[in-house]
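Report on one structure; see the data block that follows.
FYI, it's all coordinate maths here, none of it is from the lab. Given the structure is predicted, the values throughout are model-derived calculations rather than measurements.
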Amino acid sequence: MTGIQFVTDAKGHKIAVQIDLKKHGTVLEDFWDGLIGESRRKEKGIPLEKVKADLIKHGRLRESVRGRGQACRAQGTRWTTGYRTGACGSSHRIAG
């Protein structure tokens, strides 16, 4: 296979590999992602609500949009494309 070379020690044992990233970069990324996932397998997860709160706190998610949507859904309003007046009593422009 071209683009891959093994480095061997004095006894001929493979100890490292050199990979041409132009040819095999995406394969290496997939392999690396798998290693990272495996190393984190036993880590404790983070609840979705905490992630959302952190994103809002750091300005990566707008609370007003998230808050209105949750309020309307809690009251049974369906979200559709366009303008929708919900049971929560306000009109929202829904991107779509």
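At a glance:
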read-out	value
Placed amide H near LEU61: partners under 5 Å, 5+ positions off or other chain	ILE56
In Hz, Karplus ³J(HN,Hα) per residue of region 51-59 (6.51, -1.76, 1.60; θ = phi - 60°; x = Gly, Pro)	4, 4, 4, 5, 5, 5, 4, 9, x
³J(HN,Hα), Karplus 6.51/-1.76/1.60, whole Hz, each residue of region 19-24, x for Gly, Pro	10, 6, 5, 5, 8, 10
Angstrom value of the Kirkwood radius, inverse mean 1/r, which spans all Cα pairs in region 1-45	12.6 Å
